[in-house]
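To start, the structure under review is shown below, and the notes come after it.
The values are calculated or read from the model by the stated rules, or taken from the named source; none is laboratory data. As the structure is a prediction and not an experimental result, all values here were calculated from the model. Using ideal geometry, Cβ is built from the backbone for each residue, glycine included, and neighbour counts are taken over all protein chains shown.
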Ligand code: SF4
Ligand code: SF4
Ligand code: SF4
Ligand code: SF4
């Protein structure tokens, strides 16, 4: 039996909704309609429990509270219950319009009745997660990841191409912080990771998926082996490369031109007598990061402290810590603005010609040493590692993350994380924080319940053209081509439905959200609206179930009203909306369609907001071409922090 | 350069006028045709592109909306019900005005149009077999204007009074060659303008041979073989060499007509016993060429 339960929210809603009329209108749609005063309270929940049996399908018109579902989850299958948040989406936002609000409630409840007919039982996804974690690169970050995970009781293997000792760690990390800090930290980390397995190998192959990767290794002792692991953390290091202007400045040709790292070593060993005049040149074409700026300042300060005359020729030095800049000045470092255009090696020293175009000034310095600021770049084998693991790189060769704001340590492949400098040059604090973050993500992966329930995309092989659009669009590496067929790796899937919106044949359909169900719902919504409201224009808001939905709920809580002919239709993710649903909405007569997604960079499924914008733009182009007004469709973001958004977006035009 | 490129290059070389019409491809002629594409069902899956060996197909990042709007949905619908919905919706929402193709935004997979290059296609049907969505069909027309492009008329030539046509005659080494021999034995007179080339079967004459002859300034090309249904290599089979060649020659006659070289090829047959007929064929064709005058290509050749 199809049953409808309505809640008056402790008799507060019956002033805004005409429950008796709603009941009358819906008599033909439901087998029974019951009105209760507080479904979410103990007595109400007991009432529900006594009223439903596992044969029923149930629609509940109440509030956004999740509590009401609880008693029924025992008795009813998920796919037999549909909720309509009458309070937030109707009563509270149309409080001055009893008739309109009641009409809208009828339309939405009819929609829920159809929706419940189209719901599938959720799929259970079992995650088999290997507990073993592989850490590639045992620098400071690698050690930090290992230390955190070991602390949490997780086995780790650290992979390094060659054996490392404490000095090597400090050396490799010297651009990140001063020596004392590093030495202390290394000491702590090394002792904290004593129980980790460390092997000297490089990765030669990778297969499998998150939770179950098989990694082939070639080891220093000539052996090849494989290791199984659930997650991989990449903590590869960086190296210091000569800047583009190095050749022009005689690097490699003259002993007087050296790199910043060489200066650091020299200064360290320098006796009190052998003071020198040093010019440090920053390449203006290299965009100096704050970490690199900090490193430069630390080295020149040390050099000046040892009695050397240090001149820094630069156009801009960035640093996150003003104190190091001050310390450099106080130690006597001379900063001059300008670009080093030319260097000439003479018996008196290196003659450096400095140009300051801003002040059209040319100066010459004769110095003992010309020191070049280096560029911090990923270690040489990073590109090969990325190729093997299928990760993407940015233009400087750093490994990119999938969605930097939301998941700063998640690479483009699930189950593979990046900690520290492999992503960009970082200060020691940032690097350690990112390593901690990566360790936490890995831990979450391992600890997440091994069973998830949800609606997933289903592929109909007969219909599929193997166009690979879905594979390209899936932000989670959950679709792959296996033996010429598109295969869904449900363990990777985040149930977003982005794959569905790009599929040209709709051979891939999301459970409970098939095209047929959308068509049936949209047609019925329009028809019922017309029945209740006649010619009054109406708008569909296709809202993602995350931010947009929260914003709309909040519009209700805060009473930011909007016109009654506005029907919010929930999508798991705005990226699931394809031109078909938009055009169908217009075709059934909606005056406007608003696709509401999370704010840019805030999509819970990574690319849904972007996809929604693309789809809407594309649909607008289609509309323009066929002589329709493209302004009838709009994509916009909504977030809980902006409960006004709904009001602003759906005010009727004209 | 592959063979097709060479042939097209030769056609461009011998063209003396800009072709204006597509040429109909006779039934038996294979290897020439037009791929017609309907975007409305295309899933941009690229299967056709992968199947096409001469790389005649490419993906164009546009959505060909005019195709969607003029499409008619067949009785049993499209294979892709999704495209069917899209077509129905777009047609339903259409308002007045001119529909244009739109570009597909970067990063949105699943849409695109196939671009077909007439001069690369060898009408092999492979793309059609590969396409699951029935977007492609082979039309028996040859898009000559597209392939040849614009042609500058060659410098005109002055016909000297003692000009005699120069004709190349391909004779099959079965009947026709015997007929030519017989004509000789019978001391029949036929014009001295022809040079015969013996080939195994008429079917062995390739367009490349004909075009090379014309390209080098030959005024006419004659092909003679066995009587129809008496081909030594196919008898009365519809695939017999001579039988096939009739359709090909018909095709090339039309092509040559379009590019200003009409009337300069002829196909005929004479059995071993037909010495007289052979002599007549030669006489008639020579007269025809005589009336047409020297090949206009000569103008081009002289310049070169
Ligand atoms: S696009 Fe989303 S729903 Fe589709 S397979 Fe990928 S993660 Fe799953
Ligand atoms: S997008 Fe659709 S047709 Fe293309 S491969 Fe995926 S399921 Fe198949
Ligand atoms: S018919 Fe053959 S050559 Fe022409 S486009 Fe199709 S596959 Fe390519
Ligand atoms: S024409 Fe056919 S084979 Fe080619 S891309 Fe379109 S659907 Fe695929």
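Go through the range A:395-418 and give me each residue that's within 18 Å of residue A:292 (Cα to Cα) and crowded, with 19+ Cβ neighbours inside 10 Å.
A:398
Just to be sure before I move on: is residue B:162 more than 10 Å from ligand 3 (Cβ to nearest atom), more than 14 Å from the chain's Cα centre (by Cα), over 19 Å from residue B:61 (Cα atoms) and within 14 Å of chain A (Cβ to nearest Cβ) in the structure I sent?
Criteria not met by residue B:162.
Tell me which residues, restricted to the range A:482-527, are in a strand (DSSP E or B) and more than 13 Å from ligand 1 (Cβ to nearest atom).
Here is the first cut: in the range A:482-527, the residues in a strand (DSSP E or B) are A:482, A:485-488, A:508-510.
The answer is A:482, A:485.
Could you pull out every one of the strands (runs of 3 or more DSSP E) wholly within the range A:117-203 that has 1 or more residues that are modelled with pLDDT of 90 or more, more than 30 Å from residue A:519 (Cα to Cα) and under 26 Å from the mean Cα position of the chain (by Cα)?
Once the strands (runs of 3 or more DSSP E) in the range A:117-203 are filtered for at least 1 residues that are modelled with pLDDT of 90 or more, more than 30 Å from residue A:519 (Cα to Cα) and under 26 Å from the mean Cα position of the chain (by Cα), what remains is A:133-136, A:156-160.
Could you tell me whether residue B:44 is within 16 Å of ligand 2 (Cβ to nearest atom), on the phi > 0 side of the Ramachandran plot and in contact (Cβ under 8 Å) with a residue 40 or more places away in the chain?
Criteria met by residue B:44.
Restricted to the range B:104-116, and to residues that are within 31 Å of the chain's Cα centre (by Cα) and surrounded by 16 or more Cβ atoms within 10 Å (Cβ to Cβ), which residue is farthest from residue A:582 (Cα to Cα)?
The residue in question is B:116.
Do the conditions hold for residue A:535, that is, is it more than 11 Å from chain B (Cβ to nearest Cβ), away from ligand 1 (no atom under 13 Å from the Cβ) and in a loop (DSSP other than H, G, I, E, B)?
Yes, satisfied.
Scan the range B:26-34 and give yes if some residue there is more than 14 Å from chain A (Cβ to nearest Cβ) and closer than 22 Å to residue B:101 by Cβ, otherwise no.
Within the range B:26-34, one or more residues are more than 14 Å from chain A (Cβ to nearest Cβ) and closer than 22 Å to residue B:101 by Cβ.
Picking from B:168, B:144, which residue would you name as being modelled with pLDDT of 95 or more, more than 13 Å from ligand 4 (Cβ to nearest atom), under 30 Å from residue B:289 (Cβ atoms) and in contact with a helix residue (DSSP H, G or I) (Cβ under 6 Å, 6 or more places away or on another chain)?
Among B:168, B:144, only B:144 is modelled with pLDDT of 95 or more, more than 13 Å from ligand 4 (Cβ to nearest atom), under 30 Å from residue B:289 (Cβ atoms) and in contact with a helix residue (DSSP H, G or I) (Cβ under 6 Å, 6 or more places away or on another chain).
Go through (1) outside any helix (DSSP H, G or I); (2) free of Cβ contacts under 8 Å to residues at least 12 places away in the same chain for residue B:233 and report which single condition fails.
(2)
Test of understanding: among B:57, B:86, B:90, which residue is surrounded by 19 or more Cβ atoms within 10 Å (Cβ to Cβ) and either within 16 Å of ligand 3 (Cβ to nearest atom) or on the phi > 0 side of the Ramachandran plot (or both)?
Answer to the selection: B:57.
Within the range B:109-119, track down each residue that is touching a helix residue (DSSP H, G or I) at 6+ places or on another chain (Cβ under 7 Å) and within 11 Å of ligand 3 (Cβ to nearest atom).
Hits for the range B:109-119 are B:114, B:118, B:119.
Answer yes or no: is there a residue in the range A:488-497 that is surrounded by fewer than 20 Cβ atoms within 10 Å (Cβ to Cβ), more than 22 Å from residue B:81 (Cβ to Cβ), outside the structural domain of residue A:410 (by TED's automatic domain parsing) and within 14 Å of ligand 2 (Cβ to nearest atom).
yes
If you take the residues in the range A:462-477 that are touching a residue at least 40 places away in the same chain (Cβ under 8 Å) and more than 16 Å from ligand 4 (Cβ to nearest atom), which one is farthest from residue A:211 (Cα to Cα)?
A:473
Starting from residues that are part of a loop (DSSP other than H, G, I, E, B) and buried (at least 21 other Cβ atoms within 10 Å of the Cβ), keep the ones in the range B:30-41 and report whichever is farthest from ligand 2 (Cβ to nearest atom).
B:32
Of all residues in the range B:85-103, which are over 38 Å from the mean Cα position of the chain (by Cα) and within 7 Å of another protein chain (Cβ to nearest Cβ)? Lay out the reasoning, then the answer.
Let us first name the residues in the range B:85-103 that are over 38 Å from the mean Cα position of the chain (by Cα), namely B:85, B:88-90, B:92-97.
Those that are over 38 Å from the mean Cα position of the chain (by Cα) and within 7 Å of another protein chain (Cβ to nearest Cβ): B:85, B:89, B:90, B:92, B:93, B:94, B:95, B:96, B:97.
Which members of the range A:487-511 meet the condition of being within 15 Å of ligand 4 (Cβ to nearest atom) and in contact with a strand residue (DSSP E or B) (Cβ under 7 Å, 6 or more places away or on another chain)?
A:507
Given the conditions (1) within 13 Å of chain B (Cβ to nearest Cβ); (2) more than 19 Å from residue B:83 (Cβ to Cβ); (3) at pLDDT below 95, report the number of the one that residue A:472 does not fulfil.
(2)
For the range B:40-58, how many residues are within 8 Å of ligand 4 (Cβ to nearest atom) and either closer than 25 Å to residue B:91 by Cα or not assigned by TED's automatic domain parsing to the domain that holds residue B:134 (or both)?
Just the residues of the range B:40-58 that are within 8 Å of ligand 4 (Cβ to nearest atom), to begin with: B:41-49, B:51, B:57.
The next check asks that each one be either closer than 25 Å to residue B:91 by Cα or not assigned by TED's automatic domain parsing to the domain that holds residue B:134 (or both); those that pass are B:41-45.
Adding up the residues that qualify gives 5.
Return only the number of the condition from (1) assigned by TED's automatic domain parsing to the domain that holds residue A:384; (2) modelled with pLDDT of 90 or more that residue A:220 does not satisfy.
Condition (2) is where residue A:220 drops out.
Just to be sure before I move on: is residue A:435 out of contact with any strand residue (DSSP E or B) (no Cβ under 6 Å at 6 or more places or on another chain) and more than 14 Å from chain B (Cβ to nearest Cβ) in the structure I sent?
Answer is yes for this residue.
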